[in-house]
Amino acid sequence: MIENVKNQKILNIINHLKTCLQGKEKAIILSLIAIFSKGHLLIEDLPGLGKTSLAIGLSKALNLTFGRIQCTNDLLPSDITGLNVFNKNTGEFEFKPGPIFNNIVLVDEINRATPKTQSSLLEAMAEEQVTIDGVTHKLPKPFFVIATQNPIEFYGTFPLPEGQLDRFMLKINIGYPTQKAESEILMRGSSREDLYKLKPIMDKEEILMIQSQIRNIYISEKIINWIISFIDATRKDPKIILGLSTRAGLAISYTAKTNAFFKGRDYVIPEDVKEILPFVTPHRIILKNDALSKEEVILSIIEKIPVPP
Amino acid sequence: MRWLSTDSLKVDHLLFFTSFLILIITFLGIVSNISIIFMVIFLALIFLAFLVHFRGMKLNKWIINLLSIIFVILPFVNFSLEDIVIPSVEALALISAVRFLSQKTPREYFQIYLLALLLFSASTLFSFSWTFLLRFFLVFALSLFSVFLITYLKDTSQQYVDKFFLKSVFKYMLLIIAFCIPMSVIFFLFLPRTPYPLFSFGFTGSKTGFSSLVNLGDVSSIQEDRSVVMRVYIESIPQEALYWRIISFDNFNGKNWTRKEKISFPEYLTISGKRKTYSVLLEPSYENYLPLLDFPSKIYLQNVTLEYPAVYKTATPISQPLKYMADSYIEYEYYESAVSENYLQLPPNISDKTKKLVAEVTSKAKDDEEIINSIMEFLKNYEYSLKELPRGNNPIEDFIFNTKRGNCEYFASTMALMLRIKGIPARVVGGFKGGSYNPLGGYYVIRASDAHLWVEAWLNGFWKRYDPSSGRIVRYKESFVFNFLDYFWNKFIIAYDFKTQLHLISNLKSPPIPFKRKILFYVLLCFIGIISTITFVIYQKNRTPLKKFLKLMEKAGYKRQQNKGLMEFVSEISDENLKNLAMNFIEIYMKIYFKDKDFDKIHIEKLNFLLRELNAHIKSRRSKNKGDN
């Protein structure tokens, strides 16, 4: 169970966030896994389920700066990265940073942006830097993108190809809250105000420290081999056209390490991998038959591979 | 060899090669018995199969069917009812080669193996050599391997296999073989067998015996054959006395020796010497004459007729291995009061030149004994050779005057001829000379290459043996490995018949067959060693804490699936107490295992302690359940 967090620090963050993000525990944990694995998160969900709330809550609780990009089809790359503006007073061009120069960036409805804008965003995500007019600007650390995508409305959108989706470490959907959580929300009204008032519980330095701690979590060759045979199986499976890449393998091992850290262990066990697989892998493969569920296919493959020991 | 260089091998090629080896190994068992034409056709078909396989050629189905039909009919074109085995075997060999040629699906491969199995069984009709065991093991292992491969190909439709796959296949193969060996020993010892051979119909194999007619140069072809002719169980005796007598000849026409059927025994005959009793295990010779140690006095075998002088003849040609006992005298004195005129017969075309030479050679001799010695001395100038033997119209004169080289046949014939010219009765005796002693089994091995002819001359009433070519023949020494295998095979496999089986069952305490205890001891030791190593390895594998844990959990009714992680497995347990205990165990276990640390003593003890706790809990739970019921 992914909710079974045992690490005290992480537990504190989750409990803190839970006060104003009712019924989103799983989404919170997965977002935290993405942040601490130095990856980015893609949320595919219907509007009005609290994507923005989640992003704001995270930034407040972790004491990080927050930027938001609402994508439309006339959004330009410079609207994201920022641009050089002529300053009359100094008579020089001055760099005006875009919303991407924040620790947590919410890219809403990423599939509404044109491919050109999408790719400039994805490039910035991968490189963690932006180059404008020949000058390279480093993005702040930690840097974490939460992109959202609406799975229902396709009219006038540019869905991200799987090759681009590969750049998101995790893809989740928040889903409807439980009846109990929903009734609580309705009783109390929107808690957006509370969110903005949320007190920070951690700072940047601590986040960076935990990130480097997680990279030192021990992962045995036995598990690496098991992951590799799984990746290999996805490449050979007749139901799949495009199997998992090496980047996917890296993402699996990073997130598994983070998961192990959350569970209070300093080594990875197969369950850590199994738990995060449904969020790390399905968006990276292409099936022959669209009618099948990617997640089901992935789970059926991993079920066939013997687990060590 | 492109396909060999990569890490993964193509299943196709691998299967092709294993099947090729299976076919060739079985074919080797029959190759010396089938006719040369069919051997060539077989090899050509195999070669063609290689072309077809590696060039990716495709043959029409009807061509293959036509070939099959032709090859079934062809060997039977000129056959006799007595000789039905060879054509059948030939047809079988050719059909399997044709099968090898055609497109190969798993079904075809199984057909090839079935045909190979039939061929293999057929090969036992021809030979009982220990190489059978070797071939059997090879074919067995290879067939197992290819069955694995075919199953793999069928189940996964993967085109390539890698090292790991092959490794695991070999592991299972060894396991199966290790299991089969003790089983087959048990079957061999106790499965009922018939006291009579199942296939007693005859066929003509390669002849290694002497017939009643010997053309000059015939024996040399026998001498080039290395196959074992017989084994004689007897105490070790000096090589000079080792003459195995089969037949004697009296009539010489210049080109060949024959024997007159009816020479009657003389009125007065005595024989004395050292008496030896021995038993002979004779391989099929397809002739009627029995080899015996010179000079034989008695044979313990039914339906054998004795012809003068000491030629023992069976009623039918010997087409099955034959065992008999006999008595012989060595260093004997053989007296006859009078001899037949036949022993002075001369070929009609004998030249004056020869007679003159004989006179010259024996000019200094005063009596018969000196004549013999001078002829023996004269023949020492001649060269012994198995090659380029004179075979013209008058081979003896060719030998004496021109080539001056020949084998025992020429030496013996020349000597007998010269003695007869000088008026001394003489005859040529055919048989074997020498033999290699197998100290393990206490028997002599005599090979076809030991075939020999020598002379007997009647001197002052005594028949004496003279061997003009003795000391010229270099005998091949048998290796220890051969001796060992030969002994083992013959003693324990071939000689193990219905009688010994009955004996074994009725009297299990005492060893049923006489053997050297030491050898049995070593064999047993090896066997026990192998079995105990295997069990130890399996035991050790099961002794790891995890295996114990999983066994315990299975006892408690929770079986772990291969695709479940330990934590996943334990968290699904419904019994809370058991779950906690199990969780304790796997937490410690995983901490060591997934951190790639070695299990040291403290850890093992700790784990074992937890296991005991678990065991106690499971036991108490079970007794509680019983109480409830």
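Rule-based calculations on the coordinates, nothing more; no lab input. Given the structure is predicted, the values throughout are model-derived calculations rather than measurements. Quick reminder, even Gly has a Cβ in these numbers, built from the backbone with ideal geometry, and neighbours come from all protein chains shown.
Odds and ends about this structure:
- Per-residue HN-Hα couplings for the range B:100-110 [Karplus 6.51, -1.76, 1.60; θ = phi - 60°; Hz; x = Gly/Pro]: 5, 6, 7, 3, 10, 9, x, 4, 5, 4, 5
- Dipole of the range A:8-202 [Lys/Arg +1, Asp/Glu -1 at C-beta], most positive-end residue of A:CYS71, A:ILE104, A:ILE28: A:ILE28
- Rg to Rh, two decimals, where chain A supplies the alpha carbon set and Rh follows Kirkwood: 0.97
- The range B:2-190: mean projected area of Cα convex hull, nm²: 12.6
- Kirkwood radius and radius of gyration were both taken over the C-alpha atoms of the range B:530-615, and their ratio Rg/Rh is 0.99.
- Value at 222 nm in deg cm²/dmol, rounded to 500, when DSSP H runs of n ≥ 4 in chain A each add -39,500 (n - 2.57): -13500 deg cm²/dmol
- Loop-resident sites, the range A:1-72, for trypsin sites (Lys or Arg not before Pro), counting at most 13 other Cβ within 10 Å (DSSP): A:LYS6
- Cα-centred dipole magnitude for chain B, charges only on beta-carbon of K, R (+1) and D, E (-1), debye, nearest 20: 3120
- Proximity of backbone amide H atoms, modeled 1.01 Å from N, is registered between A:LEU287 and A:ILE241 at under 5 Å, excluding neighbours fewer than 5 places apart on the same chain.
- Cα-based Kirkwood hydrodynamic radius, the range A:107-156, one decimal, Å: 12.3
- Note on A:ILE224/A:THR136: beta-carbon distance plugged into 1/(1 + (r/R0)^6) with R0 of 35 Å gives a FRET efficiency of 0.50.
- Built amide H within the under 5 Å cut-off of B:ASN438, gap 5+: B:TYR443, B:TYR444, B:VAL445
- Charge dipole (Cα centre; +1 on Lys/Arg Cβ, -1 on Asp/Glu Cβ; no other charges) of the protein assembly as shown amounts to roughly 2020 debye.
- Charge dipole (chain B, unit charges on Cβ, about Cα centre) - positive-most of B:TYR558, B:VAL52, B:PHE265: B:TYR558
- Between the amide H of B:LYS255 and any residue lying 5 or more places away or on another chain, no distance stays under 5 Å, with hydrogens modeled in the peptide plane.
- Charges were assigned to the Cβ only: +1 to each Lys and Arg, -1 to each Asp and Glu. The resulting dipole of the range B:544-628 about its Cα centre is roughly 360 debye.
- Of all lysines in the structure, the ones whose alpha carbon falls short of 19 Å from that of B:LYS477, not counting any fewer than 8 places away in one chain, are B:LYS433.
- On the principal axes of its alpha-carbon atoms, the protein assembly as shown has extents of 150, 75, 49 Å, going from largest to smallest.
- Full-extension gain in nm, B:LEU175 to B:CYS526, via 0.36 nm per residue minus C-alpha separation: 124.7 nm
- Karplus 3J(HN,Hα) series, Hz, for the range A:252-268 with 6.51 cos²θ - 1.76 cosθ + 1.60 (x for Gly, Pro): 4, 5, 5, 5, 5, 4, 4, 4, 4, 4, 4, 7, x, 10, 10, 8, 8
- Computed over the range A:173-260, Kirkwood Rh from alpha-carbon pairs, angstrom: 17.3
- Violating pairs (Cα-Cα greater than 27 angstrom) within the set A:LYS9/B:LYS548; B:LYS555/B:LYS597; A:LYS263/B:LYS167; A:LYS171/A:LYS304; A:LYS26/B:LYS564: A:LYS9/B:LYS548; B:LYS555/B:LYS597; A:LYS263/B:LYS167
- Over the range A:1-160, the pair-distance histogram of Cα-Cα distances with 10 Å bins from zero comes to 10, 36, 32, 16, 5, 1 percent, rounded to whole numbers.
- Dividing the summed -39500 (n - 2.57) terms of all DSSP H runs of n ≥ 4 by the residue count of chain B sets its mean residue ellipticity at 222 nm at -15500 deg cm²/dmol.
- Taken residue by residue and averaged, Cβ atoms of other chains lying within 10 Å of the Cβ of A:301-307 number 3.
- Across all Cα pairs in chain B, the calculated P(r) in 20 Å bins from zero up to the longest distance comes to 14, 34, 28, 15, 6, 2, 0 percent per bin.
- For the range A:216-304, fraction of C-alpha pairs farther apart than 18 Å, in %: 39
- Chain A: most fluctuating residue of A:GLY175, A:GLY67, A:GLY48 per GNM, C-alpha cutoff 10 Å: A:GLY48
- Shown for B:VAL219, A:VAL135, A:VAL268, B:VAL85: other C-beta atoms within 10 Å of each C-beta, ranked fewest to most, produce the order A:VAL135, B:VAL85, B:VAL219, A:VAL268.
- Scalar couplings 3J(HN,Hα) for the range B:22-31, obtained by applying the Karplus form with A = 6.51, B = -1.76, C = 1.60 to θ = phi - 60°, are 4, 5, 5, 5, 5, 5, 4, x, 10, 4 Hz; x denotes Gly and Pro.
- FRET efficiency, 1/(1 + (r/R0)^6) with R0 30 Å, evaluated for B:GLU224 and B:LEU117 via beta carbons: 0.35
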